[in-house]
1. For region 132-243, what size does the Cα cloud have along each of its three principal axes, sorted from largest down, in whole Å?
2. What is the gain in length, in nm to one decimal, between Ser93 and Val387 on full extension, counting 0.36 nm per residue of separation less the C-alpha to C-alpha distance?
3. Counting other beta carbons within 10 Å of each residue's own, what order do Trp281, Trp195 fall into, fewest first?
4. Net charge within 12 Å of Leu265 by Cβ-Cβ distance, Lys/Arg positive one each and Asp/Glu negative one each, not counting Leu265 itself?
5. Which of Phe258, Phe295, Phe391 ends up with the largest GNM mean-square fluctuation for the chain, with Cα atoms connected below 10 Å?
6. For Phe409, enumerate residues with amide H under 5 Å from its amide H, sequence gap 5+ or separate chain, H modeled in the peptide plane.
7. Can you tell me the relative contact order of region 21-195? Whole percent, Cα pairs under 8 Å, sequence separation 6 or more.
8. Return the distance in nm (one decimal) between the two label points of a simple spin-label model at Phe207 and Arg158, each offset 7 Å from Cα along Cα→Cβ.
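Every number in this text was worked out from the coordinates using simple rules, so none of it is lab data. Please read these numbers as outputs of a predicted model, since none were measured by experiment. Heads up, the Cβs are rebuilt from the backbone with ideal geometry, glycines too, and the neighbour counts pull from every protein chain shown.
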Amino acid sequence: MGKGVEIPLFVTERWPLSISPSRITAWNSDQLPIYEPGLEDVVKQCRGKNLFFSTDVEKHVSEADIIFVSVNTPTKTRGLGAGKAADLTYWESAARMIADVAKSDKIVVEKSTVPVKTAEAIERILTHNSKGINYQILSNPEFLAEGTAIEDLFSPDRVLIGGRETPEGQKAIQALKSVYAHWVPEERIICTNLWSAELSKLAANAFLAQRISSVNAMSALCEATGADVAQVAHAVGKDTRIGPKFLNASVGFGGSCFQKDILNLVYICECNGLTEVANYWKQVIKVNDYQKNRFVNRVVSSMFNTVSGKKIAILGFAFKKDTGDTRETPAIDVCKGLLGDKARLSIYDPQVTEDQIKRDLSMNKFDWDHPVHLQPASPLSVKELSVKPAFVFDGRNVVDVKKLREIGFIVYSIGKPLDPWLKDMPAVA
């Protein structure tokens, strides 16, 4: 039950369920509701064989032996813990529905990222609303990354399964482990207690976000000193104790997980009286916000301290490549910052719809230029059509800086030695 889809080809029969008819219709069509490289091929290969999409939640939950629950756990927007705590409304609803329709013993698997001890709360709901039925709750957090989800599914770094340290709990762990064992080597399947598994997912996302904020903080120092953040990151990443992954400087991290999970972690720490630990993790988000603001300030200050009435092309809107997901994308903050100074934006992303962009930016408040429809063009022709001086601000360090500067662009890349033009501009912090 949930929004996403995970499709082991080896499971006897799998029924992804949703109470949303439109979503199930989309999954049963040739136009899947999400973009993910390789997903369409896998769905077409399995659909109608051992994979079926249905809105008949009660029937299939009642018949299932193992129930995976992967519902949204957004940050609460009101009430106790608002702005930090996870909202478990959907999880509670799913648990109560399972309790209402279950007629036999079930293994209920947490796939959603949840606070520590969620399994205990779910267990209480199930046992107090289902007489004579035994439940085992397992934590099996999802470690797929958008853009590489299919690759991650078939060749995971690890599969984590947490359960009760009782004979019944261990039996449930082995039942789920036997499913993954069809394609995951045994040494990559990690079995822990429930609370370790629940916390491990939050910790993993916090550690990854921390690395991004660390290299982004270093990028500001690189610009101030003439160092190159790519060279610094390469040198640091060669240390085998550190490694090279997640050391690419950028305009900031986004997506549905990192900020939400760190805020959840902060709330859990605060509830346990760990103020210093909570403050440590708050800094990861603070640096991320700083990096986005710093990028906007650099754009505005470079263009004579105003972008009012100036047309700016935004290339890329999703939070990362190979996805159409715009949740918490840094592009939202960057665009809102520029729109706040009355810039005219043309936004292009091959996987994001114009309607989605308008919703994310609340475009009814601003003038809107339609997203550009890109045609193949050389950098030189683009430069010739641009108002002079022509600027390129690279928030992902993906352009050929040397080539663009030779053509005549003024180029800003995060954490790179500054263009002579930019050195003469006021310092940005």
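1. Principal axes ranked by extent give 68, 26, 25 Å for the Cα atoms.
2. Numbers: separation 294, 0.36 × 294 = 105.84 nm, distance 5.55 nm.
Answer, rounded to one decimal: 100.3 nm.
3. On the way: Trp281 22, Trp195 15.
Going from sparsest to densest Cβ surroundings: Trp195, Trp281.
4. Combined, the nearby Lys, Arg, Asp and Glu give +1.
5. The residue that fluctuates most here is Phe391.
6. Those qualifying (amide H under 5 Å, at least 5 residues apart or on another chain) number zero.
7. On the way: 242 pairs, mean separation 31.3, N = 175.
Worked out over region 21-195, it gives 18 percent.
8. Once both label points are built, they end up 0.7 nm from each other.
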